[in-house]
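The values are calculated or read from the model by the stated rules, or taken from the named source; none is laboratory data. Note that this is a predicted model, so its numbers are computed, not measured. Cβ coordinates were reconstructed from backbone atoms using ideal geometry, including for glycine residues, and neighbour counts include every protein chain displayed. For accessibility, only protein heavy atoms count, side chains too; no ligands or nucleic acids. Shrake-Rupley method; radii C 1.70, N 1.55, O 1.52, S 1.80 Å.
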Number of protein chains: 2
Amino acid sequence: MAVMARAATTSDAFNAIAEPQRRDILALLRAGERPVTDVARELGMSQPGASKHLRVLREVGLVRVRGAGKQRLYGLDARGLRPVHEWVGGFERFWNESFDRLDTYVQDLKQTRQEE
Amino acid sequence: MAVMARAATTSDAFNAIAEPQRRDILALLRAGERPVTDVARELGMSQPGASKHLRVLREVGLVRVRGAGKQRLYGLDARGLRPVHEWVGGFERFWNESFDRLDTYVQDLKQTRQEE
DNA sequence: TTGACGCATTCCGATATGGGAATATGATGG
DNA sequence: CCATCATATTCCCATATCGGAATGCGTCAA
């Protein structure tokens, strides 16, 4: 069994959106379907670059292709982002608490020091 | 300037949570602070493994440490997850639409074929 | 001071990644 | 069938990543 260096980028949505350019692509596709060339041009990347990122996004199911003659139109399929949203949402009540909890730590520490 | 192969794992929360084990750690820490050894044991990973992942989480600010004598207690700091939640949330209306839009595609295709 | 314990770091190997450049594939119009 | 345009793939490089094993380091108790 080979040693796995890291979960493949193509394995899930979490990995797919870890790459900034892919996030940009997804954001762009909210405005509607786009052929590869447009994606590349609008985001300032090379054609092979766009093509590769779109491949990853397609493999994790965040994007769909449909042939339109000579072109291939890529469209958003955001369903795969829902689990991500839910997972992160599981921390919602913590990012409000955090400040207070940290303040408490700090106060405890200060007090402890003064008492010594 | 060196060629960057991939955004460093330590660069942001998106990358940090791309790794399943780190997600597990964050989830575990919702239950409260833990020393490294506990994290490792409860999640079935090696001590150095846990230590390394915690380092990454600390570097992106998702986790805080505080020394408690011989131990170092790691605690959740979920504030960094908020931007992630918001970014993904920007697609919320799309993952409800998606089904319909895709169905439309399919129907269009079928109809086109029948007409030919 | 010296163990012993808890944790961090370093070194290593196998592998994955993103980008650039070049090239292959595919569909279309003529 | 051919030329062309749109896209995909391949190759190569520099680098990053994760895991395991070994080792370093800091703190505490006796």
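Any idea of the total accessible area buried by the A-B contact, 1.4 Å probe, rounded to 100 Å²?
Details: alone 8760 and 8730 Å², together 13650 Å².
Chains A and B together bury roughly 3800 Å² of accessible area.
How large is ³J(HN,Hα), in whole Hz, for each residue of the stretch B:22-27 in order, when computed from phi with the Karplus curve 6.51 cos²θ - 1.76 cosθ + 1.60 and θ = phi - 60°, using x for Gly and Pro?
6, 4, 4, 4, 4, 4
Just to confirm the numbers: B:Gly61, label point 7 angstrom along the Cα-Cβ line, distances to the other copies in nm, shortest first?
Shortest to longest, the spacings are 3.4 nm.
How far is A:Pro48 from itself in the other copies, in nm, if each label sits 7 Å out from Cα along the Cα-Cβ line, shortest first?
For A:Pro48, the inter-copy label distances come out at 3.7 nm.
For B:Asp24 and A:Arg58, what does the FRET efficiency come to when R0 = 22 Å and r is the distance between their Cβ atoms, rounded to the nearest 0.05? Write out the running numbers ahead of the final one.
Working: r = 28 Å, r/R0 = 1.26.
Here the calculated transfer efficiency is 0.20.
For the peptides A:69-78, A:42-51, what is the packing order when you average, over each peptide's residues, the other Cβ atoms within 10 Å and list the highest mean first? Mind showing how you got there, number by number?
Working: A:69-78: 17.4, A:42-51: 14.3.
Most protected by this proxy first, the peptides run A:69-78, A:42-51.
Put the label 7 Å from Cα along Cα→Cβ for A:Gly90; what are its distances to the other copies, in nanometres, shortest first?
Values, ascending and in nm: 2.5.
So which residue of A has the beta-carbon closest to the axis that swings A onto B, and how many whole Å away?
Measuring from each Cβ to the axis, the minimum is at A:Ala18, 2.
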